[in-house]
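Data block below; observations after.
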Amino acid sequence: MTNSMNRERSEFSQLVSLALPIMAAQLAQMGMGVVDNVMAGRFSAVDLAGVALGGAFMWPAMIMMMGFLQAVTPTIAQMHGSGRQQEIGEVVRQALWMALIASVLIVVLLMNSRVFYEWMGVDAAAIEISVAYLQAAAWGIPGLMGYFVLRYFAEALGFTRPAMFIALFALALKIPLNYIFMYGMFGLPERGGVGCGYATAIVMWLEFVLITVVVLSARFRHIGWQAKFSKPNLARMSRLLRIGLPIGATMFFEMGLFTSVTLMAGRLGADVVASHTIAMNVGGITFMFPLAIGIAASIRIGFNVGADKLDAARTVAKIAMLATVIIGVISIGAVVALRYSIAAIYTNDPGVLELAATLMLFVAVFQLFDNCQATAIGALRGYKDTRVPMLITLLGYWMFGFPLAAALGFGWFGDALGVYGFWLALILALVVVSIFALSRLYWLSKNEAVIRQLSAR
């Protein structure tokens, strides 16, 4: 009993020490999108809608590619746990090649976004801002993809603070850069919401430069990741992709559903999009807490699986789930109590403010389910279990959530509930995904044979 309690205390301490910096880094990263929306909203409602729709198009594609690269975390964590340090460098080098390929694909997509917006029937005034915003931000994509590879590398070894400091510094710089480009300081033309795209590109490259300095420092030298040049190795990359492709698909399915709902809201007018975006931003901020716990759990579970400490890995999963439920309950109370004050940060428009505050009640309701599914899926990644979560999210978000959102929002089977129908469908989809993800984690954490099989991938 004493040994068990000591192990739980030790794992809790290590989980918290990993999760807190990740949480701060994720919040700062999310904060950059919030800053864009707040500052664009202060410029005009149309600029807010344009920037929001630009982000709704860009982030699902980027998150899917980032998911591919996130295979770095459990792969290196398990190598670290099993003492296979000499293999880590090649993983990093091949992941950087993958980042370059992903960057090209994303840039091409962003440069041709107009077709998509017109096909979706988005408000014409918002399209012009969205397209220009995306074309400006596209220049920073290669830097951001490289940043994430090196960040995942550092975090998998337990160094989560560098990304926190980098993200906080980048956020602090983003505000004046936005102002300069939006309002045309120092002789530059006034660009409004489009200026946020230029600031975003600069910040993306800054993050890459800073994380490169970190991983070139003495504490990473024993890994030897920079000791030689590696050509693209299809066999190595395919091993990473077997883990990363399902992660990317899982992240895309979730982000894609939320994005699709935002685009459907775009049919209801700029004010509805603005209110919906404010509520989404709040949900995104609170989501960073369970996401960070899930990433930390992935690192610790991966390390323990690599070290063949499967009981310790199961302990991490239990602690992570308990922590995320507690945070979810706290988030519910905070969102309900502060919803009007939060909405007022984004907008002075009374109609937008009232609708945004109402939608935040929906945000409060789905907190608990969103927290559970995010942390459970993160924990499953530590076991390298990525295919089943992908199928769970495909089922829950796209075979159930998306058609339900369209049916409720547009009134396929009764009165159209509009944006309220969209949010009700999101809540029900999260309930389905959280139930299946928790069931999978509970089953897998007790099945040593499957854990070992997945670890060999």
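For this structure, a couple of remarks:
- Selection of chymotrypsin sites (Phe, Trp or Tyr not before Pro), the stretch 315-405, meeting DSSP coil and at most 13 other Cβ within 10 Å: none
- Applied to the stretch 290-300, the Karplus parametrisation 6.51 cos²θ - 1.76 cosθ + 1.60 on θ = phi - 60° returns per-residue 3J(HN,Hα) values of x, 4, 5, 4, x, 5, 4, 5, 4, 5, 5 Hz, with x for Gly and Pro.
- Histogrammed with a bin width of 10 Å, the alpha carbon distances of the stretch 1-131 distribute as 10, 25, 28, 19, 12, 5, 1 percent, first bin at zero.
- Across the chain, Cα pairs under 8 Å and at least six residues apart give a relative contact order of 22 percent.
- A simple spin-label model places the labels of Ser439 and Tyr179 5.3 nm from each other, with each point 7 Å out along Cα-to-Cβ.
- Over the stretch 200-324, the fraction of Cα-Cα pairs per 10 Å bin, rounded to whole percents and listed from the shortest bin up, is 10, 19, 36, 24, 10, 1.
- Potential lengthening of the chain between Gln226 and Arg452 amounts to 78.3 nm, from the contour at 0.36 nm per residue minus the alpha-carbon distance.
- For the chain, adding -39500 (n - 2.57) for each run of n ≥ 4 DSSP H residues and dividing by the number of residues yields -28500 deg cm²/dmol at 222 nm.
- Projected over all directions and averaged, the alpha-carbon convex hull of the stretch 320-385 occupies 5.0 nm².
- Applying a DSSP loop filter and a limit of 10 other Cβ atoms within 10 Å to the trypsin sites (Lys or Arg not before Pro) in the stretch 166-235 leaves Lys228.
- Over the chain, volume per residue of the alpha carbon convex hull, in Å³: 137
- Pairs of lysine residues in the stretch 2-455 - Cα separation under 30 Å, sequence separation of 8 or more or cross-chain: 8
- Counted residue by residue at 0.36 nm each, then reduced by the alpha carbon distance between them, the extension gain from Arg9 to Trp412 reaches 139.9 nm.
- The convex hull of the Cα atoms of the stretch 388-433, projected and averaged over all directions, covers 2.7 nm².
- Loop-located trypsin sites (Lys or Arg not before Pro) in the stretch 353-448, at most 11 other Cβ atoms within 10 Å (DSSP): Lys446
- Across the options Phe303, Met164, Val316, the greatest Cα extent toward the positive end of the charge dipole of the stretch 2-455 (unit charges at beta carbon of Lys, Arg, Asp, Glu) belongs to Phe303.
- Taking a point 7 Å out from the Cα of Glu118 in the direction of its Cβ, the residues of the stretch 135-156 whose backbone N falls within less than 17 Å of it are 135.
- Dipole in debye (nearest 20) - the chain, about Cα centre, beta carbon charges: Lys, Arg +1; Asp, Glu -1: 1860
Each value in this text was obtained by applying a stated rule to the coordinates, not by laboratory testing. Since this is a predicted model, take the numbers as computed values, not measurements. Because the Cβ atoms are built from the backbone with ideal geometry, glycine has one as well, and the counts that use them run over all protein chains shown.
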